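The values are calculated or read from the model by the stated rules, or taken from the named source; none is laboratory data. In this text the structure is predicted, and so the values were computed from the model without any measurement. Note that we place each Cβ from the backbone using ideal geometry, even for glycine, and neighbour counts take in every protein chain shown. Surface accessibility is based on the protein's heavy atoms, side chains included, excluding ligands, DNA and RNA. Shrake-Rupley method; radii C 1.70, N 1.55, O 1.52, S 1.80 Å.
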Amino acid sequence: MAFLAYFLTVENAFSQNNYEFLGALKLNGNDKSVITYRLVFEELNGKLKGYSITDLAGKHETKNLIEGSYNKKLKLFEFRETNIVYTKSKFEQSAFCFVNFSGKLKLVQSTSKLEGAFKGLYKNKQKCIDGTLVLIGSTKLYNLVNKVNNRIQKSSKVDVKTKENINPLKVLDSLKTNRLSNDENLNVFWGSNKFKMEIYDIGKEDGDVVNIYQNNKLILAKHKLTNAKRIIEVILDGAKNEFKIEAINEGTIAPNTAKITLFDGDTSFDLMSNLKKGEKASITIHKK
């Protein structure tokens, strides 16, 4: 959970051995905080690899790599968070508490429920905050939410605009998108000496225009976003680089939104900037 985050989630299965869970972490001690959590992994020959996301869409949203194992015969499921991929938190890496879990589970995509105590450990293996995780397989969760949404959409007591605004399926889907708003910064931990970004308009082209800066130097000026992907590739300058996105306008459909994909070798992840005219958000690259 690389911590400063909360448990809540599970992800849709994409193939026979791919799993997603959504749910929450409940912390022990005086805090009693509840943190949204998403767990996505692939199981192959008893080995697990994937990632977790804590504090979904929150100010401390953090993505971590996970590793683990599953013994089908004993129904023993174990995983641990290993490394931070990105975080919106301003805290130092040494302050993050990583989730370590071991428990019984029959791993079935459509019905799995993952619940039990977890141990929190710092990167140096020293103990931090323990707690309980409660996760539901995303297939089961989406089926439940879809039933609720169908009742809402069929109700004659709810007007069309309200039905659109309270659609729970859209709420669930929105939690899977990392969004950057005004003055937000995403800290990304990088392996290579190069930085590659794709930026484009994922929806209807409406004339959104952006500037991109690297360490306050303009590297892409007044770029009009279209559905065609614009690729930015630069050499990183030192151990820390800040890439800033500035909204020049809001197009014909406010706000200014850009789909951004970051690439580090074979690793990639997506985010969406969501800005009003004149607002800025940033991505800080920390060289590992």
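Things worth noting here:
- Entry remark, the range 187-212: residues being over 24 Å from the mean Cα position of the chain (by Cα) and among the aromatic types (Phe, Trp, Tyr) number 0 in total.
- Looking across the range 60-116, the residues that are open to solvent by less than 50 Å² (accessible area, probe 1.4 Å), of a type in the set (S, T, N, Q) and either modelled with pLDDT of 95 or more or in a strand (DSSP E or B) (or both) come down to THR62, ASN64, SER69, THR82, THR87, ASN100.
- Identity of the residue in the range 173-229, over 30 Å from THR139 (Cβ atoms), touching a residue at least 24 places away in the same chain (Cβ under 8 Å) and basic (Lys, Arg), that ends up least open to solvent (accessible area, probe 1.4 Å): LYS196
- Among residues of the range 44-59 being more than 14 Å from the chain's Cα centre (by Cα) and part of a strand (DSSP E or B), the one that is modelled with the lowest pLDDT is LEU44.
- Strands (runs of 3 or more DSSP E) enclosed by the range 187-288 - at least 3 residues per element that are not β-branched (Val, Ile, Thr): 194-200, 209-214, 217-224, 240-247, 256-264, 267-275, 280-287
- Residue ID - most open to solvent (accessible area, probe 1.4 Å), chosen from residues in the range 230-261 that are over 20 Å from LYS277 (Cα atoms) and among the basic types (Lys, Arg): LYS240
- For SER156, the conditions (1) at pLDDT below 80; (2) closer than 26 Å to THR54 by Cα are fulfilled apart from (2).
- Hey, THR36 open to solvent by 30 Å² or more (accessible area, probe 1.4 Å) and in contact (Cβ under 8 Å) with a residue 40 or more places away in the chain or not: yes
- Among residues that are in a strand (DSSP E or B), crowded, with 21+ Cβ neighbours inside 10 Å and modelled with pLDDT of 95 or more, PHE21 is not included.
- Residue list for the range 54-73, restricted to those being touching a residue at least 12 places away in the same chain (Cβ under 8 Å) and within 21 Å of SER102 (Cα to Cα): THR54, LYS63, ASN64, LEU65, ILE66, GLU67, GLY68, SER69, TYR70, ASN71, LYS72
- The set of residues in the range 220-274 that are more than 22 Å from the chain's Cα centre (by Cα), within 12 Å of ASP201 (Cα to Cα) and among the polar types (S, T, N, Q) comprises THR226, ASN227.
- Taking the range 124-144 as the range and being surrounded by fewer than 16 Cβ atoms within 10 Å (Cβ to Cβ) and at pLDDT below 90 as the test, the residues that pass are ASN143, LEU144.
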